[in-house]
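What follows is a single structure, written as structure tokens, with notes after it.
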Amino acid sequence: MGGLEELLDQVPVLSGPRQVEELPGGLTNLNLRVRTATGDFVVRLTRSDAALLDIDRVAEHANTVAAAAAGVGAPVLDWRPDLGLLVLGFLEGRTLTDADLRDPDTIHRGVEAIRRLHAGPRFINDFDMFHRQAGYLATVRSRGFRLPAGYDAHAPRWDDVRRALAATAPPTVPCNNDLLAANFIDDGERVWLIDYEYSGNNDPAFELGNTVTECDLDEHSTQSLVRGYLGRESRAWLARVRLGALCSEYGWSLWGVIQAATSPLEFDFEAWALTRYEKAARTFTGTGFARLLEDVQRDD
């Protein structure tokens with residue numbers, strides 16, 4: 001703790017007597033709650049290989065500022081790239097769970113937060129899972145990391161998904177790109193979105209699809225999410241969101257492969273990666289895959 005205290009001493013907004021506690025979660029950062037006489041803060045300390053995981057800390061900072069301006073993210077109070085830390089205002093509220101996001105009212109307010117983010121200031125970078133997956137795959141191969149069995153067999157279907165989504169791509173919007181339940185904070189009146197480590201302008205359907213798969217939303221909840229976002233029913237958008245979920249699963253599984261081989265954390269990244277890959281494999285080989293590629297082309 002001595003080394004940590006010395007680090008925090010270098011940040012003026014955190015000066016003086018303080019209480020420090022570690023916040024749960026955070027597989028690439030150490031997240032701390034720091035209470036001082038002047039305020040309550042969250043400090044995000046880098047503890048991952050940003051280059052291997054393709055994390056742009058400059059973009060993370062700038063996009064976090066933009067999310068705060070959109071009224072959906074925590075205020076940024078300091079950024080010290082020399083120390084590897086970002087200081088945010090603490091958001092009072094409850095971290096949501098997967099079960100929370102299956103509740104119709106919570107989904108509605110969560111969608112409102114996503115819409116505020118997507119309507120907010122453009123981010124300074126772009127995010128494309130097809131590009132990122134290719135980069136992660138190159139890293140896995142060059143480092144000799146172990147791919148899930150059968151991963152490469154789905155490459156032709158992955159290309160089919162890329163072409164189908166590109167043919168009907170909507171304008172990109174500022175996206176968090178990692179909206180698992182733990183990144184939704186509910187203060188009782190509104191929902192906030194946190195953690196912009198992988199943020200960038202992207203297809204909004206990827207954002208929704210990532211939440212669908214990370215929160216294990218069922219068919220009814222997925223339809224509610226899409227209807228709440230669009231304000232109407234759309235078979236084409238429902239297919240696009242499901243394909244966004246597939247992209248999330250197939251691409252982020254490689255993130256887990258890299259973490260399994262390199263992270264010092266005591267966390268089962270291999271199981272994390274395999275869970276997502278197996279979801280993707282079931283969709284790639286399922287009887288409904290061809291229909292998704294057809295439906296996403298619909299004009300409805």
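Throughout, read-outs are computed from the coordinates displayed, never taken from laboratory work. This one's a predicted model, so the numbers in the text were calculated from it and none came from an experiment. For neighbour counting, all protein chains shown are included, and Cβ atoms are generated from backbone atoms with ideal geometry for every residue, glycine included.
If we count every other residue with Cβ under 11 angstrom of GLY84's Cβ, Lys/Arg +1 and Asp/Glu -1, where does the sum land?
Counting the neighbours of GLY84, the net charge comes to +3.
Assign unit charges at the C-beta atoms only (+1 for Lys and Arg, -1 for Asp and Glu), then state the dipole size of the chain relative to its Cα centre in Debye, rounded to the nearest 20.
680 debye
Using the Kyte-Doolittle scale, find the helices of the chain whose mean hydropathy is at least 0.5 and whose Cα atoms extend 15 Å or more along the helix's long axis, counting only whole DSSP H runs.
TM-like helix candidates: nothing returned.
Which ordering of SER234, SER199 is given by a fewest-first count of other beta-carbon atoms within 10 Å?
SER234, SER199
All other residues with a Cβ under 10 Å from the Cβ of GLU197 taken together, and with Lys, Arg as +1 and Asp, Glu as -1, what is their net charge?
It works out to a net charge of -2.
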